[in-house]
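See structure below.
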Amino acid sequence: MSKVLVHIHSDLEFKNKVTLGLMVALAAIKNNHEVTLFLAADGVHILNCKSTGEIVGQGTGDLYEHLLNLKETNATILVSGMSAKARGYDASLLDGYHAEFAMPDKLIEASLQSDSVLCY
């Protein structure tokens, strides 16, 4: 089993990047890898997706469905607290997820502890 860090920092405007990032994270989980997901910058908007069909990538799936599947995993989800605050989010953004706010030092720590780092 490997440790995989998936770092998503893209805006929802880049539908393929954000859905691909989550699709890859879920594939790693399915293959029994230990996954840490770090959402930073505009990537924090991902957790605000509230319905099917809102954000759909080309061949990379529906963001909302990926989020529902992510909720059923033990993946570590770290969300940049500074990015979330700057974009008007509070702790309610994390409701329903196994997630916590984190500072940049956590991103560095997670990247150094991982076997692979994938960025979207």
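The values are calculated or read from the model by the stated rules, or taken from the named source; none is laboratory data. None of the values given here were measured: they were computed from a predicted structure. We place every Cβ from the backbone using ideal geometry, glycine too, and count neighbours over all the protein chains shown.
Some observations on this one:
- Qualifying residue in segment 112-120 (condition: of a type in the set (F, W, Y), at pLDDT 95 or above and over 12 Å from the mean Cα position of the chain (by Cα)): no
- Top-ranked residue in segment 1-16 [being of a type outside the set (D, E) and more than 11 Å from the chain's Cα centre (by Cα); ranked as farthest from Q58 (Cα to Cα)]: M1
- Remark: L94 falls outside the filter, which requires a residue to be under 25 Å from L112 (Cβ atoms), of a type outside the set (K, R) and buried (at least 22 other Cβ atoms within 10 Å of the Cβ).
- Segment 74-101, subset among the polar types (S, T, N, Q) and within 14 Å of G43 (Cβ to Cβ), residue farthest from the chain's Cα centre (by Cα): S83
- Every pair of residues 6+ apart whose Cβ atoms lie under 7 Å, when the first sits in segment 99-120 and is touching a residue at least 40 places away in the same chain (Cβ under 8 Å) and under 19 Å from G21 (Cβ atoms) while the second is of a type in the set (G, A, S) and part of a strand (DSSP E or B): A102/S80
- Pairing each residue of segment 42-53 that is farther than 10 Å from L67 by Cα with any residue that is of a type in the set (S, T, N, Q) and outside any loop (DSSP other than H, G, I, E, B), provided the two are 6+ apart or on different chains, yields C-beta distances under 9 Å for D42/S83; G43/S80; G43/S83; V44/S80; V44/S83.
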